[in-house]
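Below is one structure; the comments refer to it alone.
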Amino acid sequence: MHPNRKPLIAANWKMNDPPVGCYTSDSPFRSLPGVDVWVFLPFIEWYGAHNAGLVYGAQCGRPEPQGAFTGDISMLMLKHQHFHAVLCGHSDRRHFHQESDAFIAEQATAALEVGLIPIVCIGETEAEHDAGKTTDVLKRQLKPVIDVLTAHHSLPTTHFILAYEPVWAISRGDPNKPAATAKDAQDIHARIRSLLPKDRQATTRILYGGSMKGSNAAELLAQPDIDGGLVGGASLKLEDFRKIVEAAESR
Ligand code: 13P
């Protein structure tokens, strides 16, 4: 495994209160020597995370530095408040805010230009999956992102991350929702890697997101092309999240 692909477990709290205990000294939301742990929080939580010394990111960000965009926060503003990274194109944003592939690429560009690490999220819906369109969808979603990478060809590979989120496996509060099987997830991750520019294939981290939890993390994280997790529901349960981080540590 390339050293640039240190495991990363990213908690996405979505629009939920942070779990009790997340800011304590033994919080599982702290990085370990062998695992990066980052928290993607509702904006108003940034100060708590900052004071607790966590590494935190935003769930979205607007490309323009400032202006008449009611309710939005720009990548530049995030950078000023010490955010480390930003999710671009999470499936919730694609669905509820109609974010397009082109706009997501604009967000990734703006993030890179202010020094935030974009985690670009891609993945097919259930209907697309059932219709056998997964590869076509991933290619379509990746195309403008690859153009961004080509334009920033000297960018270190650690400064850009992808997350594969099969939308049909995202829990949306259902703790019994099955994740993709480890084999299927591995196959898709390998396919995504093969679609990246040649000089980034071996070094780009690709996270899996979709019902990763304590009980399945070890098997998913053992796959050679899965470099970590983007964790929703299980990131709201302290001990379940700790198991995921431990699985990444002993990978
Ligand atoms: P779950 O882990 O709840 O399936 O959510 C995945 C996700 O959307 C993370 O961003």
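Taking only the Cα atoms of segment 77-212, the ratio Rg/Rh comes out at 0.96, with Rh defined as the Kirkwood radius. Restricting segment 134-185 to trypsin sites (Lys or Arg not before Pro) that sit in a DSSP loop and have at most 13 other Cβ atoms within 10 Å of their own Cβ leaves Arg172. Of all DSSP-defined beta bridges confined to the chain, some 5% are antiparallel rather than parallel.
For a footprinting-style exposure proxy, rank His129, His50 by other Cβ within 10 Å, fewest first.
Working: His129 18, His50 14.
Neighbour counts put them in this order, fewest first: His50, His129.
Radius of gyration over Kirkwood radius for segment 145-251, both on Cα atoms: the Rg/Rh ratio is 1.00.
On the principal axes of its alpha carbon atoms, the chain extends 45, 43, 35 Å, with the longest extent given first. Segment 54-118 and segment 140-197 have Cα centres spaced 17 Å apart. Normalising the average separation of contacting C-alpha pairs (under 8 angstrom, six or more residues apart) by the number of residues puts the relative contact order of segment 1-129 at 19 percent. Helices in the chain, meaning DSSP H runs of at least 4 residues, each add -39500 (n - 2.57). Divided by all residues, the mean residue ellipticity at 222 nm is -10500 deg cm²/dmol.
The alpha carbons of segment 1-118 occupy a box of 41, 35, 27 Å along the principal axes, longest dimension given first.
Bear in mind these aren't lab numbers, they're just calculated from the coordinates by the rules spelled out. Model, not experiment: these values are computed from the prediction. Heads up, the Cβs are rebuilt from the backbone with ideal geometry, glycines too, and the neighbour counts pull from every protein chain shown.
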